[in-house]
1. Taking the residues in the range 19-53 that are of a type in the set (Phe, Trp, Tyr) and either touching a Leu at 6+ places or on another chain (Cβ under 7 Å) or without any contact (Cβ under 8 Å) to a residue 40 or more places away in the chain (or both) as candidates, determine which candidate is farthest from Trp87 (Cα to Cα).
2. Test Glu99 against the criterion of being in a strand (DSSP E or B) and either surrounded by fewer than 12 Cβ atoms within 10 Å (Cβ to Cβ) or in contact with a His (Cβ under 6 Å, 6 or more places away or on another chain) (or both), and give yes or no.
3. Do we have any residue at all in the range 27-34 that's among the charged types (D, E, K, R), on the phi < 0 side of the Ramachandran plot and in contact with a strand residue (DSSP E or B) (Cβ under 6 Å, 6 or more places away or on another chain)?
4. Among the residues of the range 22-78, which ones are within 18 Å of Arg109 (Cβ to Cβ) and among the polar types (S, T, N, Q)?
5. Looking at the range 75-129, which of its residues are under 14 Å from the mean Cα position of the chain (by Cα) and among the polar types (S, T, N, Q)?
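Just so it is clear, none of the values below were taken in a lab; they were calculated from the coordinates. Predicted model only: the values in this text are computed from it and were never measured. Cβ sites come from the backbone with ideal geometry, for glycine too, and all protein chains shown count toward neighbours.
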Amino acid sequence: MQFSGFSEEQARDFAAKWHPAWTGNQPELLLSFYSEDAIYMDGGLIKPLKGHEEIRPHFEKLLSQNPNWVWRQRYAIPMQDGFVNHWHVSAPVGDKTVEIDGVCLVHLRDGKIYRNEVYFDRHELISEILSYQSSVTLS
């Protein structure tokens, strides 16, 4: 059996290019890391998104609401066709920053992500967003 996953170094190199695309509200740049037929899943979605036409609106909304968050890879574990990406994000919400650790499965084909499954505990982030929205509404 031949293993075709990314080494830790390959995963680190890929993430060093991909993670910055999550910052700065550039959905087309982020989408350029995904194959045309990619599948994207995260806990905030009702169902997986398939292809650029479904993923693009999600990335547009997500990045426009979070233009200043900063992502970095903590470490990677090789897996078939890609890597398990252990990440950290610093997510500004109003005058606070929520620090979140998570994991995602990154499956690659020809240098593009064809499947991305994102997992993390959203509780603190959602609580801060609701608190911030409430304080802005009351102002």
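1. The residue in question is Tyr40.
2. Answer is yes for this residue.
3. no
4. Ser32, Ser35
5. Residues satisfying the conditions are Asn85, Ser90, Asn116.
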